[in-house]
Every structure is written in C-alpha cells, then in structure tokens.
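Working notes, structure below.
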Amino acid sequence: MSGWAYAIAGGKGGVGKTTTVANLATALSAAGYEVVGVDVDLGMANLGPVVGVEPDDAETIHDVLSGETGISAATYETDRGFSVIPGTQGLDKYAEADPSRLKYAVGPLKEEYDVVLLDTSAGLSHEVMVPLGLADKTVLVTTPDVVAIRDAAKTGELTTRVGGTVEGVMVNRAREDEETQQLIDELGDEVLASIPEDSAITMKHVVARTGSPAAKAFSDLAATIVGVDELQETESEYASATASSESSEGGEDVDDAVIEAEDADEDTTDAAGSGPVTTAAYDEARAGSDSFFTEEREEEKRASALGRLRRIFD
C-alpha cells in the first residue's frame, strides 16, 4: 500500500514550516509510522541541521534533483526514528538542481514510507509549485499575523491552480489574543491544529519538549493528517509522556527566563540620539504618527486576508 505525501507550505518565511515537519515526523515516528522528511526548500535548506543531520559533502536532495545520485543515497536516519533527505546551501548545487525531477523521487518514497513530508520554501516560485502539485495534500502553515495569513492564502490559491489539494490550515505560535481567536473562528473546521506559542522551540531546539502543550498539539495534527483519532505512541515518548523540565542553556528554567524578559523594561534610543526612550513612550509616539497605518486600515487588511484564506475552502 502506497503512503501519503504532504506538502507543508506557507508563503511567508519564518512561520514554522521546518519546525512543523520536524515535529510531525517525531510524533508519527513515535507512533510507529515510517516517515521521511524531504527538504525541498532548495535555496535555504535547513531541515537536515535542525534534526541533527549535516551531511557536509555527502549526497543531498540537490544531488538527486541534478541527476547525480539516487534518492536512497541521500537519505539519512535521525536519532528520533525518522529519515530525512537534507539539502545544501551551496549556490553551485542550487543552480544545478532541477525541481521538476522531484516527481521521480516522491513516487518511490511513497512506496517505501507511510508518510512523506515535504518541507517547502517561502514565496511563489517554480520550486514551490512542484511539491504543491505532487503532494497528495497540502497543509498551510500560518501565524496569527496578517502578513502570514495573506501569504498562506496566496500559497493555497497556487496549490489549487497546480492541481493540488489543501487539507487545511495549521495556526502556529497561537496566542491567547483577539487576533488568534479571530483567525480560528473565521476558518472553523478548516483549522487542523492550533500550536501554542512555545519559547523553548528554536532553530537549535526545533522539536517540542516531551509532553509539552506544543508537542501534544503537533501530535494531534499528526493524527488528523493520517486519519486517526489519536496517535498511540509505541516507539518512544513525545506527546503522551509527562512534560520534561528541560532548561535553557544558561541553566535557568525556560519559563522563568521568558517571564523575566517580558517584565524587563526594554529601552530604545530616539532618532536624535538624545538618550533612551521607554518602550511605552516609543509606542505612543508611533501611534500618533501619520506615517503609520490607522487601526481601521489594519483591520481592513486583516479582514481581506482572512476572507481570501477562507475562500480557498468555499
């Protein structure tokens, strides 16, 4: 039985596509699924390093797409139980890679793995169009911010134009605020998961802490895309275990560090260089400037972006 290929996509960079791939792969692997993550962000490949695979001069997806090697030679095992096909950031390799050759790789991967996760790039280039058209389904990743929502809508529109299918939207770094709730209310059942903001997730520690709310949310998303009510972990602990008490590198608890940072009075220097200005004073001055959009204009932009994203599913 053939597996499924999912494109993890979103037009804006930095919304968490690579993080999503790493955590979905971890959750599915912990439940016994055979999973491979493929870095198809050919210009800014970073999936390999963030999951502990840095092949250096070894084969990568770029070599596969240039016809220099086969897909199996560019596949590596991670210490979390899933496989990864990393890329490289070398410009020469980028120039030689032909995104259209990805179709010769996805088919064989689906025969070997239960789930193939395609970590796509930002923007609306040809290298984005190819995986969107090849994947069985696309998961759109956005944060609650208006620019990210607008760009996710563009990616969804592109997916349908190239014959792909949008499975739904994942809201990453979800906050307990009006903007996040508005996004979730607008999309309704099209929201596959809402991943809470987690300061412990960084590009250096991309996989959510064991048992954390983010890990559980990613596990729920993984269950949704493979069509089960709940993942039953069999291989290792990820979501169902008791939350770990991992600390930041500095030795202090992560949550305490975040609280201290939020309580700190951030200073900035005014344009004339006359001295520090408190954040509150800066924000007040900015709000009164005619050079910034009014609150009403921002609401119009947000409503437009939400409507555009919602129409993908109508």
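Of everything in segment 4-29, what is touching a Leu at 6+ places or on another chain (Cβ under 8 Å) and modelled with pLDDT under 95? Give them in sequence order.
Once the filter is applied, which keeps residues that are touching a Leu at 6+ places or on another chain (Cβ under 8 Å) and modelled with pLDDT under 95, segment 4-29 yields Gly10, Gly11.
Give the residue that is least open to solvent (accessible area, probe 1.4 Å), with candidates limited to residues of segment 59-75 that are part of a helix (DSSP H, G or I) and more than 15 Å from Val40 (Cα to Cα). I'd like the intermediate steps shown before the answer.
Keep residues of segment 59-75 that are part of a helix (DSSP H, G or I), which gives 61-65, 72-74.
Then keep just the ones that are more than 15 Å from Val40 (Cα to Cα); that gives 72-73.
Values: Ser72: 95, Ala73: 44 Å².
Across segment 59-75, the extreme among qualifying residues is Ala73.
From the set of residues in segment 133-162 that are in a helix (DSSP H, G or I) and either open to solvent by less than 10 Å² (accessible area, probe 1.4 Å) or in contact with a Cys (Cβ under 6 Å, 6 or more places away or on another chain) (or both), which is farthest from Leu309 (Cα to Cα)?
To start, the set of residues in segment 133-162 that are in a helix (DSSP H, G or I) comprises 133-134, 146-161.
Those left that are additionally either open to solvent by less than 10 Å² (accessible area, probe 1.4 Å) or in contact with a Cys (Cβ under 6 Å, 6 or more places away or on another chain) (or both): 148-149, 152-153, 155-156, 159.
On the way: Ala148: 11, Ile149: 7, Ala152: 7, Ala153: 4, Thr155: 9, Gly156: 7, Thr159: 12 Å.
The extreme case among them is Thr159.
Between residues in segment 81-97 that are at pLDDT 90 or above and residues that are in a strand (DSSP E or B), which pairs lie under 6 Å by C-beta distance while being six or more apart or on different chains?
Hits for this filter: Phe82/Val35; Ser83/Val36; Ser83/Glu77; Val84/Gly37; Val84/Tyr76; Ile85/Val38; Pro86/Asp39; Gly87/Asp39.
Among the residues of segment 163-212, what is the count of those that are part of a loop (DSSP other than H, G, I, E, B), touching an Asp or Glu at 6+ places or on another chain (Cβ under 9 Å) and open to solvent by less than 50 Å² (accessible area, probe 1.4 Å)?
The total comes to 7.
Do we find a residue being part of a loop (DSSP other than H, G, I, E, B), over 21 Å from the mean Cα position of the chain (by Cα) and surrounded by fewer than 15 Cβ atoms within 10 Å (Cβ to Cβ) anywhere in segment 76-84?
Kept after step one, since they are part of a loop (DSSP other than H, G, I, E, B), are these residues of segment 76-84: 78-82.
If we keep only those that are over 21 Å from the mean Cα position of the chain (by Cα) too, we end up with none.
No.
The values are calculated or read from the model by the stated rules, or taken from the named source; none is laboratory data. This is a predicted model, so every value here is computed, not measured. Counting neighbours? That spans all protein chains shown, and the Cβs are built from the backbone with ideal geometry, glycine included. Ligands, DNA and RNA are stripped out before the accessible areas are found, and what is left, the full protein with its side chains, is counted by its heavy atoms. Shrake-Rupley method; radii C 1.70, N 1.55, O 1.52, S 1.80 Å.
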